[in-house]
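The values are calculated or read from the model by the stated rules, or taken from the named source; none is laboratory data. It should be emphasised that the depicted structure is a prediction, and the values quoted were computed from it without experimental measurement. Reconstructed Cβ throughout: ideal geometry from the backbone, glycine too, with neighbour counts over all protein chains shown. In case anyone asks, the SASA skips ligands and DNA or RNA and just uses the protein heavy atoms, side chains included. Shrake-Rupley method; radii C 1.70, N 1.55, O 1.52, S 1.80 Å.
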Amino acid sequence: MSPATIAAIRGARHVAVLTGAGISAESGIPTFRDALTGWWARFRPEDLATPEAFQRDPDLVWRWYRERRLRLRDVMPNPGHYALAELARRVPSLTLVTQNVDGLHARAGSADVIELHGNLARVKCFDQGHPAPDFPDTDAVPRCALCGSPLRPDVVWFGELLPADALRRAQAAAGDCDVFLSVGTSNLVEPAASLPWIATRRGVTVMIVNPSATGQSSGPNIHHLAGPAGRVLPELLREAWPG
Ligand code: BV8
């Protein structure tokens, strides 16, 4: 990695990190842009991850999330998740913001993860948002014990607002950081996709960890660390803090 990249991360006061589905790819979780596999290949995520899809066919959407959640039992954080947990111990301040709903950052030891799009392990009811104690392992949509409305995963669907406090904290971190680290995101989904621009416009260093340059911005302060997060992030830490 370039001496400028190493110097920037070593000298950082506050690192803001935004992760997307790409950081979980090496844990075996397909990214959003990868076509859905098997029976689900006939759908696009944007067609299932909406309140309208749930109201149209609650059992279908519930089953999709139930399968995704059951699959989480067999996956583990990968070296990319662990490297970010280690980075938080190396710099004075680190804010970790994720678009992912898989909970893998917390399982890798990261604290105070800002989950912009919710968490697949949590369930709430559709009408009132009453939290449900657990994710009922049923094929048909279960009902809320308090109000009787259908239960749904506690994730942010397309067309739904992000949790206001999470978005505010993420935007504040992008506005305060001196290094912005974007890992495994295609920058397609708003308003998360605008976070790196807050940092770029301030002229701070932006590092992009992604095997692909597609959809990624470029410029004098933008360092593209090309490659899979599970290899690049541990490499970044080893070179910045050798031994
Ligand atoms: C909202 C939870 C107000 C559900 C998800 C402008 C402003 C505001 C809103 C909009 C706007 N324009 C459009 C909108 C509407 C919409 C939107 O952005 N649509 C897109 C499709 C254009 N946004 C919303 O609806 C948001 N709500 O803004 O409310 C509003 C409402 C209506 C109208 C106006 C305003 C809510 C968005 C949240 C949706 N929920 N997830 C679930 O999971 O089921 S988003 C979903 O996409 C996931 O969370 C995922 O993380 C996220 C983003 O995708 P990525 O993470 O980037 O993943 P992706 O697959 O795209 O890319 C993977 C990347 O990894 C690639 O670059 C690849 O190269 C790289 N990669 C692969 N392998 C590796 C790797 N990188 C590193 N290492 C590897 N090994």
What angle do you read, to the nearest 10 degrees and between 0 and 90, between the alpha-carbon axis of helix 79-90 and the longest principal axis of the chain?
-> 60
Normalised by the residues of region 75-152, what does the relative contact order come to in percent, with Cα pairs under 8 Å and at least six apart?
-> 22
Identify which of Ala145, Ala41, Ala83 has the largest mean-square fluctuation in a Gaussian network model of the chain, with springs joining Cα atoms closer than 10 Å.
-> Ala41
Would you work out the relative contact order for region 104-243, in percent, from Cα pairs under 8 angstrom that are 6 or more residues apart?
-> 16
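Based on DSSP, what percent of beta bridges with both residues in the chain are antiparallel, to the nearest 5? Spell out each step's value before the answer.
Working: 7 of 30 bridges.
Percent antiparallel among DSSP bridges in the chain is about 25.
Just want to confirm a number: the relative contact order over region 29-180, from Cα pairs under 8 angstrom separated by 6+ residues, in percent. Provide the component values of the computation, followed by the final result.
Working: 192 pairs, mean separation 31.8, N = 152.
The normalised contact order for region 29-180 reaches 21 percent.
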Please sort by residue number the trypsin sites (Lys or Arg not before Pro) in region 186-243 whose DSSP state is loop and whose Cβ has at most 16 other Cβ atoms within 10 Å.
-> Arg202
List the extent of the Cα atoms of region 102-241 along each of their three principal axes, largest first, rounded to whole Å.
-> 55, 28, 27
Placed amide H near Ser182: partners under 5 Å, 5+ positions off or other chain | Leu18, Met207, Ile208, Val209
Residue-wise HN-Hα coupling along region 114-127, computed from phi with Karplus coefficients 6.51, -1.76, 1.60 (Hz; x: Gly, Pro) | 8, 9, 5, 10, x, 8, 5, 7, 9, 10, 9, 8, 5, 7
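For the pair Ala140 and His14, what calculated FRET efficiency results from E = 1/(1 + (r/R0)^6), where r is the Cβ-Cβ distance and R0 = 45 Å, to the nearest 0.05?
Numbers: r = 47 Å, r/R0 = 1.05.
The value I calculate is 0.45.
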Rounded to whole Hz, the Karplus (6.51, -1.76, 1.60) HN-Hα couplings of region 222-233, x for glycine and proline = 9, 9, 8, 8, 6, x, x, 4, x, 9, 5, 5
When N is the residue count of region 1-113, what does its C-alpha Rg come to as a fraction of 2.2 N^0.38 Å?
-> 1.30
Order of exposure, largest accessible area first, which applies to Met1, Met207, Met76 with probe 1.4 Å | Met76, Met1, Met207
Solvent-accessible area per residue for region 169-238 at a 1.4 Å probe radius, Å²?
-> 41
Point-to-point label distance, Leu188-Asp165, nm (Cα→Cβ direction, 7 Å offset) | 3.2
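Please give the contour-minus-distance gain from Ala172 to Arg73: 0.36 nm per residue of separation, less the Cα-Cα distance, rounded to one decimal in nm. Before the final figure, lay out each step's value.
Details: separation 99, 0.36 × 99 = 35.64 nm, distance 3.33 nm.
Working it through step by step, the gained length comes to 32.3 nm.
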Identify which of Thr205, Thr19, Thr138 has the largest mean-square fluctuation in a Gaussian network model of the chain, with springs joining Cα atoms closer than 10 Å.
-> Thr138
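For the chain, compute Rh as the Kirkwood radius over C-alpha pairs and then the Stokes-Einstein diffusion coefficient at 10 °C and 1.306 mPa s; write the answer in µm²/s, rounded to an integer.
85
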In whole percent, how big is the carbon plus sulfur part of the accessible area of the chain, probe 1.4 Å, protein atoms only?
-> 53
